[in-house]
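Engineer: So that we are looking at the same thing, I have put the structure below in structure tokens.
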Amino acid sequence: MPNILFVSSSPILSVDLREQLDLYAPEFTIVEEWSEDVVFDAAIVDEDAEYVVNLQKRLRQAPIIFLGEENEGFAESVIVFNKPLRLRVLLDRVLSCVNMLLRSSEVFLSFGGYVLDSGRREIKEQKSERTVKLTEREVMILNYLYKAHPKTVSKNELLSEVWGYNPDATTHTVETHIYRLRQKIEGEVSKNPLVLTEESGYSLNI
């Protein structure tokens, strides 16, 4: 379920945006405060340019949409909408950004000494240039852990977000996939594991 961070001092805009999302994208959830425990798929910030500059450091992949004037402190990935604006146009852009992020087959991610090529379904160790083929599910796991970093992702969250399973289901699917993924990437013994297994779940060592 995609989560949208929405920051605005306008209660009217907040209500209008919620109504539009409920109508056209009921699977989306709007969260109005930053939380380390939530993995955000996009952010909408209304007029607070300083908040956007700080938010860029927290969100790794998620697009940021700013409602206001261009600012020299913005990264190239920040999408600026000048006000006044049509709410439907804004909604279309949000849906487009999230869908592109979720379905992109041309995403390259660099982390922990590796480069993940989602399109080719392979990961390359930069130092040795060793390339390992991955399954589609393994790519999805790495993408989700990367997006969630530095948060530790629980087994139930992976089941829900990557597999679409009921989080209450009893299954060893996650453990099995994580084990096989680590075997592929790290081998039998690794002094610096890429995928960390912790008591509360999993994270990337980056």
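The values are calculated or read from the model by the stated rules, or taken from the named source; none is laboratory data. These figures come from a predicted structure and were not determined experimentally. Cβ sites come from the backbone with ideal geometry, for glycine too, and all protein chains shown count toward neighbours.
Engineer: Filter segment 1-41 for residues that are of a type in the set (Gly, Ala, Ser) and within 13 Å of Val94 (Cα to Cα) and give the result.
Structural biologist: Restricting attention to segment 1-41, the residues satisfying the condition of being of a type in the set (Gly, Ala, Ser) are 8-10, 14, 25, 35.
Within segment 1-41, just Ala25 meets the criteria.
Engineer: In the list Leu17, Leu91, Leu87, Leu95, which residue meets the criterion of being at pLDDT below 90 and touching a strand residue (DSSP E or B) at 6+ places or on another chain (Cβ under 7 Å)? Break it down stepwise before answering.
Structural biologist: Values: Leu91 fails: touching a strand residue (DSSP E or B) at 6+ places or on another chain (Cβ under 7 Å); Leu87 fails: touching a strand residue (DSSP E or B) at 6+ places or on another chain (Cβ under 7 Å); Leu95 fails: touching a strand residue (DSSP E or B) at 6+ places or on another chain (Cβ under 7 Å).
Step by step, each of Leu17, Leu91, Leu87, Leu95 is checked, and only Leu17 is at pLDDT below 90 and touching a strand residue (DSSP E or B) at 6+ places or on another chain (Cβ under 7 Å).
Engineer: For segment 34-57, what are the residues that are modelled with pLDDT of 85 or more and in contact with a helix residue (DSSP H, G or I) (Cβ under 8 Å, 6 or more places away or on another chain)?
Structural biologist: Those that are modelled with pLDDT of 85 or more and in contact with a helix residue (DSSP H, G or I) (Cβ under 8 Å, 6 or more places away or on another chain): Trp34, Ala42, Ala43, Ile44, Val45, Asp46.
Engineer: Additional query: Taking the options Val38, Val52, Val45, name whichever one is among the β-branched types (Val, Ile, Thr), under 16 Å from Cys97 (Cβ atoms) and outside any strand (DSSP E or B).
Structural biologist: On the way: Val38 fails: under 16 Å from Cys97 (Cβ atoms); Val45 fails: outside any strand (DSSP E or B).
It is Val52.
Engineer: Need a quick list: helices (runs of 4 or more DSSP H) entirely within segment 109-206 having at least 3 residues that are closer than 23 Å to Ser35 by Cβ. Even if it seems obvious, please write down each step before you answer.
Structural biologist: Details: elements: 136-148, 155-158, 173-186.
The helices (runs of 4 or more DSSP H) meeting that bar are 136-148, 155-158.
Engineer: List every residue pair whose Cβ atoms sit under 9 Å apart, with the two residues 6 or more apart in sequence or on different chains, where the first one lies in segment 6-29 and is under 22 Å from Leu59 (Cα atoms) and the second, anywhere, is of a type in the set (S, T, N, Q) and part of a helix (DSSP H, G or I).
Structural biologist: Between residues of segment 6-29 that are under 22 Å from Leu59 (Cα atoms) and residues that are of a type in the set (S, T, N, Q) and part of a helix (DSSP H, G or I), the close pairs are Phe6/Ser14; Ser8/Ser14.
Engineer: Consider only pairs whose beta carbons are under 6 Å apart and that are at least six residues apart or on different chains; among these, list those whose first residue lies in segment 64-88 and is over 14 Å from Val7 (Cα atoms) and whose second residue is of a type outside the set (Lys, Arg) and assigned to a strand (DSSP E or B).
Structural biologist: Glu70/Val80; Val78/Ile64; Val78/Phe66; Ile79/Ile65; Val80/Phe66; Phe81/Leu67; Lys83/Leu67
Engineer: Just to be sure before I move on: is Ser35 outside the structural domain of Glu157 (by TED's automatic domain parsing), over 14 Å from the mean Cα position of the chain (by Cα) and of a type in the set (S, T, N, Q) in the structure I sent?
Structural biologist: no
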